[in-house]
Structures are given as structure tokens and as C-alpha cells.
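The values are calculated or read from the model by the stated rules, or taken from the named source; none is laboratory data. None of these values were measured; they are calculated from a predicted model. Cβ atoms come from the backbone with ideal geometry, glycine included; neighbour counts cover every protein chain shown.
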Amino acid sequence: MTSFILSAIKAMPTDDYVGFTFFVGTMAMMAASAFFFLSINMVEGKWKTSLLVSGLITFIAAVHYYYMRDYWAEVGESPTFFRYVDWTLTVPLMCVEFYLILKAAGAKTGLLWKLIWASVVMLVTGYIGEAVYTDQAAMWGLFSGIAYFYIVYLIMFGEAKALADKSSASVQRAHGILCKFVLIGWGIYPLGYMIGTTGWYDFVDGIGLNMDVVYNIGDAINKIGFGLVIYSLAVSKD
Ligand SMILES: *C/C=C(C)/C=C/C=C(C)/C=C/C1=C(C)CCCC1(C)C
């Protein structure tokens, strides 16, 4: 731990705001993981797995942030590979959260697999546009966006929504907030993608933000936010 902090200070100039968000991101994800894991024994049995998954999401992110911070400090480039490995593990786990809260209303694993496949398509096409065929970023971003909207459709209007309507009031409430995270919170990522890739209108570059800062803010909001929605569902009294 001391060597981690020392190397972070050594390798991080005070004006490196990208590196700073990787550092704070690491700490935030670690703290959130401790919170979710330690809360498991304070909630009713039926919510323990959901809280465990919340902790796994932030824990997996914490480990990736540890490496991404280092990569940024040493190489000075966007850690695209670690970023997408992180997302490929954590986004499907967020799909699992939807499945787990809707299970009591009869959610089938078929729904879970649809969500997982759509998220894999979304992330693989995004990776191709960001790291492989960078001159075709717009086209791959479009493919990724279609998969993203399919996820939005499933949870807000499709199968998952129908199950939420049959659920208890507290599950309905949690489902509704999680949907907003996917619609608004996940919407932060395409913005980061447009900032980090070429072939878009100039106003995107004019925003003057760094892609990794946008992704890091998105991750903090979505991963910790998702977990807190699950936590408040787990401690609610109905
Ligand atoms: C914890 C990590 C999360 C919730 C990551 C979510 C990532 C996305 C919703 C990414 C979406 C993208 C598009 C919709 C189009 C452009 C490419 C992506 C991959 C950035």
C-alpha cells in the first residue's frame, strides 16, 4: 500500500487531472466495495446475492483502476485495453442485478442472456472503433449504440419492464431508478467515445474534456450508484 501511494505521488504531477481521476476512482471503488461487502450480513437473505454482486462490480473496477492509473502514469496513453476488460466483466454483472431483482416476479435466464449478449456486442464493437479500426469510429459507434438501445428497450419497455410491473413496490422503484442509470448514466460513455475518437462534429472536441475523465466520471456514477440503489432496496421494509 505505501509503495502504491509513493509511486502514485512520484508518477503524478500536480496538474495531471486525468491521473488524479484514476487515483480517486481507485479509492472510491475500493471504499464502495468494502461498504457493499460489509453490508451483506445486515440484509435479508433474498438480497445477499444482489449486494455481493454490487461489491464485485466495484471491486473488479477498483483492481482495474489500480492498473489503469499506473498505465496512464507510466505510458501516458489511454488504457483502452484494461478499460474494456473492466467493462466486459462489470456490465454483464449489472445485467445480473436486473435479473436478480426481477427473479421473484419470474425472470428467466433467457432474459439475462439477451442482456448479456447485447452488452457484449455493445462493448466489442465499441472496442473495435476505439482501438482497432479507429478511422471508422463513427460506424462502430453506431453498431454499439444499436446494442445499447436494445438494452434500454428490454429494461424500459420490453420483458424486464413487464416483470417489474408484477413486482413489489420497492422492486418497481429500484427497477425504475436503475433504468434511469442506464438511460442517462450510461449515456455518458458515448460522449467520452466521441471525445476520444475522430470523425465527429467539431463541437465534440470543443467541449475540451478528456475521454478518460469522462469515462471515469461515468464509472463512478454508474457502478457506485447502481450498488447504492441495490443497497437501499435491500434495507427497505417491503
Ligand atoms: C461500469 C461500466 C459501464 C456501466 C460501462 C458502460 C459502457 C457503455 C454503455 C458504453 C457504450 C458505448 C456506446 C453506446 C457507443 C460508443 C462506444 C461505447 C462502448 C462507449
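Brief remarks on what is shown
- For first residues located in the range 127-141 and assigned to a helix (DSSP H, G or I), partners that are within 11 Å of the ligand (Cβ to nearest atom) and among the charged types (D, E, K, R) and lie 6+ apart or on another chain with Cβ distances below 7 Å form the pairs A137/E130.
- Selection within the range 87-100 - free of Cβ contacts under 8 Å to residues at least 40 places away in the same chain and either touching a Pro at 6+ places or on another chain (Cβ under 9 Å) or among the β-branched types (V, I, T) (or both): T88, V91
- One residue stands out in the range 151-190 among those that are under 30 Å from I207 (Cβ atoms) and hydroxyl-bearing (S, T, Y): the one that is surrounded by the most Cβ atoms within 10 Å (Cβ to Cβ), namely Y189.
- Qualifying residue in the range 101-117 (condition: under 17 Å from the mean Cα position of the chain (by Cα), free of Cβ contacts under 8 Å to residues at least 12 places away in the same chain, surrounded by fewer than 17 Cβ atoms within 10 Å (Cβ to Cβ) and within 16 Å of the ligand (Cβ to nearest atom)): yes
- The set of residues in the range 201-238 that are under 23 Å from V43 (Cβ atoms) and among the acidic types (D, E) contains only D238.
- Test result for S144, within 15 Å of I57 (Cβ to Cβ), assigned to a helix (DSSP H, G or I), within 12 Å of the ligand (Cβ to nearest atom) and under 19 Å from the mean Cα position of the chain (by Cα): no
- Hits in the range 15-32 (condition: surrounded by fewer than 15 Cβ atoms within 10 Å (Cβ to Cβ) and either in contact with a Gly (Cβ under 7 Å, 6 or more places away or on another chain) or of a type outside the set (D, E, K, R) (or both)): Y17, V24, M27, A31
Here is a yes/no grid of residues against (1) more than 12 Å from the ligand (Cβ to nearest atom); (2) surrounded by fewer than 16 Cβ atoms within 10 Å (Cβ to Cβ); (3) of a type in the set (A, V, I, L, M):
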| residue | (1), (2), (3) |
| --- | --- |
| P13 | yes, yes, no |
| A34 | yes, yes, yes |
| K46 | yes, yes, no |
| L51 | yes, no, yes |
| T58 | no, no, no |
| T90 | no, no, no |
| V96 | yes, no, yes |
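- Residues in the range 185-218 that are away from the ligand (no atom under 11 Å from the Cβ) and modelled with pLDDT of 95 or more: D212, V213, I217.
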